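Accompanying notes for the structure given below.
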Amino acid sequence: MSRKKATICYIIFIIVVGFLFMKFSGRYFTPEQVLHANELGLHYGPSEKVLLKYKGKDSNMLVIGKVDDRTLSVIPVKRSLFVLWKLESGGIPGCVPMRYEDDRVVGNYSSNYEVVYGLTDLENAERVKFYVEHKNNDMPDFEKRGIYEADVDEDGFFYMPLEKVDEESWYYVIEMAVYDENGRELYKTEW
Amino acid sequence: MGCREYKYTEEVLKYVRFKYDRIDIRQELNEHIEDMLEFAPEMNEEETEAYIRENMGDAEALGKELDKEHKPLLGWIWRISRAMAMVIAVLCIPTVINMALLSVYTAHNVIVGYDGWRSKEGIEYTVETNIKGKIDDIYILVDGVDKYENGKMVLKYKTIHNPFGKSAGWTFSFGNFYDEFGTRYYGGGGSGGGYVSYQVADINDFNPDAQKLIIDYNYNGRIFYAEIPLEWEAVK
């Protein structure tokens with residue numbers, strides 16, 4: 001076989017087998033593709049916009065998309081084979097909606113990525129304040145850490161890196177308050 | 001068998017720019033020269049080189065001709081594509097094994113059907129249906145409902161995941177069911193997994209006066225709605 005023909009065969013092989021390999025092993029070219037494939041797999045979304053690609057340790061990344069004004073999509077991904085991306089093993093937050101109909105803000109803490117993220121659907125929201133509480137098996141009850149503030153962007157999204165206290169604890173974002181540009185409280189929740 | 005080195009060959013190779021091909025060309029030329037010298041008279045080294053030149057032609061012309069056949073650009077593309085094809089072939093091995101196991105598991109599910117997930121013992125009545133639907137890349141086929149002596153009902157449905165679809169391969173199951181009076185029933189059960197998954201949903205304490213089982217899946221804009229008239233047929 002001539003070199004030209006052999007090259008064409010190799011390239012066809014790479015495209016076809018490469019496509020099948022990626023399809024059947026859950027690998028994608030970009031973190032966004034992993035996000036959208038898993039949104040469809042979990043039957044929500046797809047996100048209208050990717051709000052944040054937050055780099056974690058090693059080659060991991062937390063991808064956060066906006067499904068609608070009240071719902072986030074949170075998918076952790078990791079690099080694979082240098083140039084591809086796949087879903088990170090372990091639990092995934094997936095669809096993160098505001099819990100109740102009259103809720104106007106939702107906030108979560110990712111202890112793997114040590115970041116607080118959330119969403120509000122209040123139009124004039126500029127800042128949010130919230131506590132993070134944590135508890136491990138040795139603690140009798142949940143303990144509040146200090147109050148934190150984060151800017152809200154034009155999509156109603158906010159995030160803030162926050163180191164965890166210890167590896168064992170589980171964490172919750174609580175007592176969230178949303179403020180406008182004049183510092184006026186627009187909404188407060190205490191869950 | 002090792003070949004002798006010939007100055008002629010080395011001179012030809014100077015004109016071949018794609019160095020990775022020089023080894024093969026050297027071997028081929030030397031073998032050709034060896035064959036030719038087999039029938040030549042006994043000669044010293046200088047005479048041999050002159051004899052080779054006389055019979056093989058101008059080294060520069062041959063070298064330039066070979067260079068045209070072994071262009072560096074095509075050579076590099078060929079070499080890289082070959083290496084990539086080999087890497088992809090090796091990378092595919094675990095995926096192929098995984099797919100093979102999943103296919104065997106799927107075949108097992110198809111053979112076993114619903115019997116792997118619900119007992120046939122105690123089924124008194126059954127309703128057969130042929131309701132089809134699709135949610136994202138998953139095709140759903142509702143095959144019917146069995147009713148047991150103790151009143152428990154079991155909904156039987158298959159989910160078929162399109163492996164070439166856009167979605168990642170998560171499983172799917174119905175959670176809640178209703179009767180025509182709006183009472184909600186939680187349908188826990190089991191499923192086989194794989195590309196074709198046989199699933200059952202156990203529905204307990206179903207209202208004996210209800211005449212319909214309603215599947216009303218509505219989650220993030222995905223809708224699957226079906227009313228199953230409970231026109232029971234006795235199981236022999």
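The values are calculated or read from the model by the stated rules, or taken from the named source; none is laboratory data. In this text the structure is predicted, and so the values were computed from the model without any measurement. Methodologically, a virtual Cβ is constructed for each residue, glycine included, from the backbone with ideal geometry; neighbour enumeration extends over all protein chains shown.
What number of residues within region A:19-35 satisfy the criterion of being out of contact with any strand residue (DSSP E or B) (no Cβ under 8 Å at 6 or more places or on another chain) and either facing chain B (nearest Cβ under 9 Å) or small (Gly, Ala, Ser) (or both)? Outline the logic, then answer.
Applying the first criterion (out of contact with any strand residue (DSSP E or B) (no Cβ under 8 Å at 6 or more places or on another chain)) to region A:19-35 yields A:19-20, A:23-24.
Filter once more, keeping what is either facing chain B (nearest Cβ under 9 Å) or small (Gly, Ala, Ser) (or both): A:20, A:23-24.
Within region A:19-35, residues that are out of contact with any strand residue (DSSP E or B) (no Cβ under 8 Å at 6 or more places or on another chain) and either facing chain B (nearest Cβ under 9 Å) or small (Gly, Ala, Ser) (or both) number 3.
Listed residues B:116, B:75; which is surrounded by 14 or more Cβ atoms within 10 Å (Cβ to Cβ) and closer than 30 Å to residue A:4 by Cβ? Full working, then the answer.
On the way: B:116 fails: closer than 30 Å to residue A:4 by Cβ.
Of B:116, B:75, the one residue that is surrounded by 14 or more Cβ atoms within 10 Å (Cβ to Cβ) and closer than 30 Å to residue A:4 by Cβ is B:75.
Residues checked against (1) away from every other protein chain (no Cβ under 14 Å); (2) touching a helix residue (DSSP H, G or I) at 6+ places or on another chain (Cβ under 6 Å); (3) modelled with pLDDT under 95:
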site	(1), (2), (3)
B:46	yes, no, yes
B:63	yes, yes, no
B:77	no, yes, no
B:87	no, no, no
B:98	no, no, yes
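Taking only region B:202-215 into account, find how many residues are of a type outside the set (Val, Ile, Thr) and part of a strand (DSSP E or B).
Going through region B:202-215, the residues of a type outside the set (Val, Ile, Thr) turn out to be B:202, B:204-213.
Within this subset, residues satisfying the condition of being part of a strand (DSSP E or B) are B:202, B:212-213.
Total satisfying the criteria: 3.
So which strands (runs of 3 or more DSSP E) are wholly in region A:83-191 and hold at least 1 residues that are free of Cβ contacts under 8 Å to residues at least 24 places away in the same chain? I'd like the intermediate steps shown before the answer.
Numbers: elements: A:84-87, A:94-97, A:105-110, A:115-120, A:127-135, A:143-151, A:157-161, A:170-179, A:185-188.
Counting at least 1 such residues, we get A:143-151, A:185-188.
Say whether the condition of being exposed (fewer than 11 other Cβ atoms within 10 Å of the Cβ) and part of a helix (DSSP H, G or I) is met by at least one residue in region B:2-21. Spell out the reasoning first.
Here is the first cut: in region B:2-21, the ones exposed (fewer than 11 other Cβ atoms within 10 Å of the Cβ) are B:2, B:5.
Now restrict to residues that are part of a helix (DSSP H, G or I): none.
Looking for residues that are exposed (fewer than 11 other Cβ atoms within 10 Å of the Cβ) and part of a helix (DSSP H, G or I), one finds none in region B:2-21, hence no.
In region B:100-125, how many residues are over 28 Å from residue B:168 (Cβ atoms) and either within 14 Å of another protein chain (Cβ to nearest Cβ) or not in a helix (DSSP H, G or I) (or both)? Before the answer, list the steps.
Going residue by residue through region B:100-125, those that are over 28 Å from residue B:168 (Cβ atoms) are B:115, B:118-125.
After this cut, where a residue has to be either within 14 Å of another protein chain (Cβ to nearest Cβ) or not in a helix (DSSP H, G or I) (or both) as well, the list is B:118-125.
Number satisfying all stated conditions: 8.
Report whether or not residue B:218 is part of a strand (DSSP E or B) and of a type in the set (S, T, N, Q).
On the way: part of a strand (DSSP E or B): yes; of a type in the set (S, T, N, Q): yes.
Yes, satisfied.
This table checks each residue for (1) among the basic types (Lys, Arg); (2) assigned by TED's automatic domain parsing to the domain that holds residue A:187; (3) modelled with pLDDT of 95 or more.
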| site | (1), (2), (3) |
| --- | --- |
| A:67 | no, no, yes |
| A:85 | no, no, yes |
| A:138 | no, yes, no |
| A:153 | no, yes, yes |
| A:156 | no, yes, yes |
| A:159 | no, yes, yes |
